[in-house]
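Taking it in order: structure first as structure tokens, then the write-up.
The values are calculated or read from the model by the stated rules, or taken from the named source; none is laboratory data. These figures come from a predicted structure and were not determined experimentally. As a convention, Cβ positions derive from the backbone with ideal geometry for all residues, glycine included, and neighbour counts pool all protein chains shown. Note: areas computed on protein heavy atoms with side chains; ligands, DNA, RNA excluded. Shrake-Rupley method; radii C 1.70, N 1.55, O 1.52, S 1.80 Å.
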Amino acid sequence: MMGMNAIAPAAERQEVNDQLFAPILARVASVEKLTELEKVFTIELPLGMSLGHRPGQFVEVSALGIGEAPISVSSSPSRSNGSFELCVRKAGNVTGALHKLQPGHKIGIRGPFGRGFPIERFRGKDLLFAPGGLGLAPLRSLINQVLDERALFGRVIILYGARTPSELLFKDELKKWAMREDMELHLTVDRGDENWAGHIGVITTLFRDISIYSRNTVAVTVGPPVMYRFVLMELLGKGISEGNIWLSLERRMKCGIGKCGHCQINDIYACQSGPVFSYNEIKGLEEAL
Ligand SMILES: Cc1cc2nc3c(=O)[nH]c(=O)nc-3n(C[C@H](O)[C@H](O)[C@H](O)COP(=O)(O)OP(=O)(O)OC[C@H]3O[C@@H](n4cnc5c(N)ncnc54)[C@H](O)[C@@H]3O)c2cc1C
Ligand code: FES
């Protein structure tokens with residue numbers, strides 16, 4: 001499994017088993033409110049440690065005294081310097097407790113866990129990213145790594161959809177991406193408001209306006225389960241091969257390391273074999289999509 005021993009001092013690695021089960025105490029360096037429901041936390045690891053993650057991997061985050069939740073790493077490995085970012089939607093007990101944290105507070109971190117995106121296989125390809133809603137949180141890690149190694153990739157196209165303009169995440173970053181000439185950003189919302197002059201419609205409506213060279217395109221989509229079926233139809237309809245379509249499956253997870261069975265889909269554990277899969281790896285799995 002990738003990244004299991006990645007939280008380790010640069011000079012001297014700790015026992016891997018300690019890190020699988022025992023959280024490392026990390027410090028909340030900053031908290032930024034993105035929307036009514038989402039906040040971004042910058043997390044600092046103890047001196048000399050780095051997360052060593054791959055885009056698409058997640059960490060188990062403990063709100064001390066409350067419990068743990070799996071959260072994707074949202075920052076790019078190419079930009080981490082002893083710290084990393086998590087974008088957390090307030091959904092229940094653990095995420096609600098995380099939303100109360102202030103700079104200086106401590107949380108527990110285990111991981112990174114799971115299989116991330118195989119970015120080496122994407123080099124030389126045109127990349128079509130299709131995040132929906134909170135799906136931009138994990139995809140932002142991959143997108144920023146691609147932008148930091150821009151010359152290694154072909155076209156970069158992002159189709160991002162949210163329910164309303166106020167629910168679009170990372171708006172400052174979206175503005176910067178929109179200004180770049182070496183990438184194409186298309187936004188849509190299901191419902192506009194008085195200030196929204198952009199596209200309105202579900203994310204699949206954005207596919208009509210783009211043309212791609214399907215044989216050289218890798219597509220990556222992360223979003224709510226209901227979105228996948230329709231986005232997959234569009235991607236396959238554009239002629240992208242099943243092996244070149246990548247997505248992330250968020251199952252209920254507890255241990256994150258293949259022990260508890262919470263994330264099981266048939267005979268695979270999504271926490272270990274995933275959460276990132278190519279479409280041809282999971283299309284035969286009942287209940288995967
Ligand atoms: C691999 C992975 C990566 C994730 N990345 C992120 C992320 O980057 N940012 C983020 O905000 N959330 C992410 N999640 C979802 C997050 O783990 C859940 O929202 C969280 O565990 C809820 O815990 P809670 O104690 O706050 O809520 P609970 O009190 O346990 O539940 C509150 C509500 O959340 C729902 N819920 C619980 N677990 C999940 C889940 N796994 N997926 C969807 N809904 C759930 C419950 O049905 C309930 O309606 C990820 C989940 C997985 C498996
Ligand atoms: S989360 Fe425990 S086996 Fe996957």
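From Cα pairs below 8 angstrom and at least 6 apart in sequence, can you work out the relative contact order of the chain, rounded to a whole percent?
17
Within straight-line reach of LYS106, meaning a Cα separation under 24 Å, sit the following lysines at least 8 residues removed in sequence or on another chain: LYS33, LYS39, LYS90, LYS254. Karplus-derived 3J(HN,Hα) values for region 129-142, using 6.51 cos²θ - 1.76 cosθ + 1.60 with θ = phi - 60°, are 9, 10, x, x, x, 5, x, 5, 4, x, 5, 4, 4, 5 Hz; glycine and proline are entered as x.
Rolling a 1.4 Å probe across the protein heavy atoms gives the chain an accessible surface of 47 Å² per residue. Shape analysis of region 125-208 based on the Cα gyration tensor places the equivalent ellipsoid semi-axes at 22, 13, 12 Å, largest first. Each residue of region 74-79 was assigned a 3J(HN,Hα) from its phi angle through the Karplus curve 6.51 cos²θ - 1.76 cosθ + 1.60 (θ = phi - 60°); the sequence is 9, 8, 7, x, 6, 10 Hz, with glycine and proline shown as x. Once the gyration tensor of the Cα atoms in region 157-289 is diagonalised, the equivalent ellipsoid follows with semi-axes of 29, 19, 14 Å, ordered largest first. Each semi-axis of the equivalent ellipsoid for region 217-282 is √(5λ) with λ an eigenvalue of the Cα gyration tensor; in descending order they amount to 25, 11, 9 Å.
Listed by chain and number, the lysines whose C-alpha is less than 25 Å from the C-alpha of LYS238, apart from same-chain residues fewer than 8 away, are LYS125, LYS283.
If you average 1/r across every pair of different Cα atoms in the chain and take the reciprocal, what Kirkwood value do you get, in Å?
It is 19.4 Å.
Using all Cα-Cα distances in region 75-196, what percent lands in each 5 angstrom bin from 0 up to the longest? Histogramming region 75-196 at 5 Å steps yields 2, 8, 17, 20, 19, 15, 10, 6, 1 percent. Entry note, region 152-252: relative contact order of 23 percent, from Cα contacts under 8 Å with a spacing of 6+ residues.
Sequence-ordered 3J(HN,Hα) estimates for region 240-249 from the Karplus curve with 6.51, -1.76 and 1.60 and θ = phi - 60° stand at 6, 6, 4, x, 9, 10, 10, 8, 10, 9 Hz, glycine and proline given as x. Report note on the peptides 118-127, 86-95, 135-144: ranked by the mean count of other C-beta atoms within 10 Å, highest first, their order is 135-144, 86-95, 118-127.
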